[in-house]
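> Please read through the structure below; I'll follow up with questions.
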Amino acid sequence: MIKHCYVHIPFCSSICSYCDFPKMLYEKKFINSYLNALENEIKEIYKGDMLDTLYIGGGTPSSLSIDELKRLFDILKTFKLSESYEYTVECNLENLDIDKLKLFKSYGVNRLSIGVQTFNKNYLSFLNRKTCDISIIEEAKKLGFNNINVDLIYALKDETLEDLDKDLNKFLSLDINHISTYSLIIENNTVLSINNIKPIDEDIDFDMYNLICKKLSDNGYVHYEVSNFARTGYESKHNLAYWNNQEYYGFGLGAASYIDSMRVTNTKSIFKYINGEYRYQVEKLTKKDKMEYEMILGLRKMKGVNIIDFKNKYGVSIDEYFNIEKLLKEGKLIKDDGYIKISSDYIYLSNDILINFIGEE
Ligand SMILES: C[S@@+](CC[C@H](N)C(=O)[O-])C[C@H]1O[C@@H](n2cnc3c(N)ncnc32)[C@H](O)[C@@H]1O
Ligand code: SF4
């Protein structure tokens, strides 16, 4: 039984200078065909499972018009939702308005994830973002949305700790329940990489990460995953399903799914997708692959991986299978309350630690 589902809407009203997600500029002529293809893909694959989480991401789902959104949500009504479901829609301040919020509500959406990124006008233009007008967030709250995430990007070219501190103060003043923070990655084939922008100095990045962790923790947010902070009870159930290595459906352009031990990635070509050629890559997982994923994804959570659950799932214990003695001795990994986790002193270097879990025999 699969309990989680991701749906990708690849359209955006404008394209940010850093983004390499599967996305394209909104063009009315593509939307109908895209939604038809999406509907067919869902019909072909979805088996009627009761979902705990449904996540509509992008791209920017809120870039669609009201009529297009209605059509999308009517398609998504196919999904059966459990009683305590979490239904998220990703939005951009640039194209979110009250009518769209009301429409989301009427279709049962109960969580919003909104790209804000920064309040600094210079950095906004560096990122090619159009606005940081957050008045719509207040409107969303008035309409009863209390489960909202906002995305923040830091480590921008020439950004100082003081700049970040100012941004953090503004993010905190939004008084919302979830904040995702991302260190800017200069991805290939983005405007930033074409313009030869270099990543910020690693020491500054490290100081920025520490500032974020300290400031958000001091203000009542629990640091529950490398980049994610939430007030208690508002952790993203959907993203936790990924980090807990649960299976999930994934529909739409470039979407990934994990079903029946197969990790499938969809095509990133809009033409192929619209033509019904959905799949790009299929990877059948061995038990070894699954155990590696369990650690690599699970150790992103500050709580870590449950030792007994791992043994029950795979019939072998973590320290029997993986060679973690050295990491434990160095204090990079810690056993704590039935879990194995990365020490908070090393969480910034989590990628260097996670590499140890790839290719174990
Ligand atoms: C799909 S967008 C969120 C919704 C909406 N499209 C928007 O941008 O407002 C996903 C998020 O990933 C983050 N992100 C994307 N590319 C990134 C990059 N190269 N470096 C750091 N963060 C990135 C941004 O914070 C962005 O808000
Ligand atoms: S960050 Fe969001 S709005 Fe910007 S291009 Fe990527 S998906 Fe579109």
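> Highest mean first, what order results for 276-286, 12-22 on Cβ atoms within 10 Å?
Numbers: 276-286: 12.5, 12-22: 17.7.
Highest mean packing first, the order is 12-22, 276-286.
> Calculate, for the chain, the solvent-accessible area per residue in square angstrom, rolling a 1.4 angstrom probe over the heavy atoms of the protein chains. Provide the component values of the computation, followed by the final result.
On the way: 16880 Å² over 361 residues.
The answer is 47 Å² per residue.
> Apply the Karplus curve 6.51 cos²θ - 1.76 cosθ + 1.60, θ = phi - 60°, to the phi angles in segment 154-161 and return the couplings in whole Hz, x for Gly and Pro.
Each residue of segment 154-161 in turn: 9, 6, 7, 3, 6, 5, 10, 4 Hz.
> Hey, another quick one. Taking all pairs of distinct Cα atoms, average 1/r, flip it, and tell me the Kirkwood hydrodynamic radius of segment 163-277 in Å to one decimal place. Write down the numbers at each step before the final one.
Numbers: mean 1/r = 0.0579 Å⁻¹.
Evaluated on segment 163-277, it is 17.3 Å.
> Something else about it: Per DSSP H run of n ≥ 4, the term is -39500 (n - 2.57); total these for the chain, divide by its residue number, and report the mean residue ellipticity at 222 nm rounded to 500 deg cm²/dmol.
On the way: 15 runs with 132 residues, N = 361.
Calculated mean residue ellipticity at 222 nm is -10000 deg cm²/dmol.
> Among rounded, prolate and oblate, which fits segment 229-295 when a ≥ b ≥ c are the square roots of the eigenvalues of its C-alpha gyration tensor, a/c under 1.5 means rounded, and a/b larger than b/c means prolate? Mind dumping the intermediate values first?
Details: a/c = 3.42, a/b = 1.41, b/c = 2.42.
It comes out oblate by the Cα gyration axes.
> Same structure again: Cα centroid distance between segment 144-175 and segment 237-315, in Å?
29
> With all protein chains present, calculate the accessible area of residue 316 using a 1.4 Å probe and round the result to the nearest 10 Å².
30
> Given 4 °C and 1.567 mPa s, how large is the Stokes-Einstein diffusion coefficient of segment 152-207 in µm²/s, with Rh as the Kirkwood radius over Cα pairs? Walk me through the numbers on the way to the answer.
Details: Rh = 12.5 Å.
This corresponds to a translational diffusion coefficient of 103 µm²/s.
> Right, here's the next one. Roughly speaking, to the nearest percent, how much of the chain's 1.4 Å accessible area is carbon and sulfur?
On the way: 8280 of 16880 Å².
That share works out to 49 percent.
> State which entries of 166/237; 28/272; 29/80; 28/100; 100/170 exceed 21 angstrom in Cα-Cα distance in the structure shown.
Numbers: 166/237 29 Å; 28/272 18 Å; 29/80 30 Å; 28/100 17 Å; 100/170 25 Å.
Long pairs (Cα-Cα over 21 Å): 166/237; 29/80; 100/170.
> Which value, in debye to the nearest 20, gives the size of the charge dipole of the chain about its Cα centre, when Lys and Arg are +1 and Asp and Glu are -1 at the Cβ? Please report the intermediate quantities before stating the final value.
Values: 45 positive and 54 negative charges, 216 e Å.
I would put it at about 1040 debye.
> Still on this structure: If you project the alpha carbons of the chain onto their three principal axes, what span does each projection cover, largest first, in Å?
Rounded to whole Å, the extents work out to 58, 50, 41 Å.
> Let me ask something additional. Under 1.5 on a/c is rounded, so check that first for segment 27-72, then, if it is not, pick prolate when a/b is larger than b/c and oblate when it is not; a ≥ b ≥ c are the square roots of the alpha carbon gyration tensor eigenvalues.
Working: a/c = 2.45, a/b = 1.51, b/c = 1.62.
Oblate, because a/c is 1.5 or more while a/b does not exceed b/c.
> Let a ≥ b ≥ c be the square roots of the eigenvalues of the Cα gyration tensor of segment 267-361; is it rounded (a/c under 1.5), or, if not, prolate (a/b larger than b/c) or oblate?
Details: a/c = 2.72, a/b = 1.96, b/c = 1.39.
Prolate, since a/c reaches 1.5 and a/b exceeds b/c.
> Show me the ranking of peptides 319-325, 194-200, 89-95 by mean Cβ neighbours inside 10 Å, starting with the highest.
Values: 319-325: 14.9, 194-200: 12.3, 89-95: 22.7.
Put in order of decreasing packing, that is 89-95, 319-325, 194-200.
The values are calculated or read from the model by the stated rules, or taken from the named source; none is laboratory data. This one's a predicted model, so the numbers in the text were calculated from it and none came from an experiment. We place every Cβ from the backbone using ideal geometry, glycine too, and count neighbours over all the protein chains shown. Just so you know, the surface numbers come from the protein's heavy atoms only, side chains and all, with ligands and any DNA or RNA stripped out. Shrake-Rupley method; radii C 1.70, N 1.55, O 1.52, S 1.80 Å.
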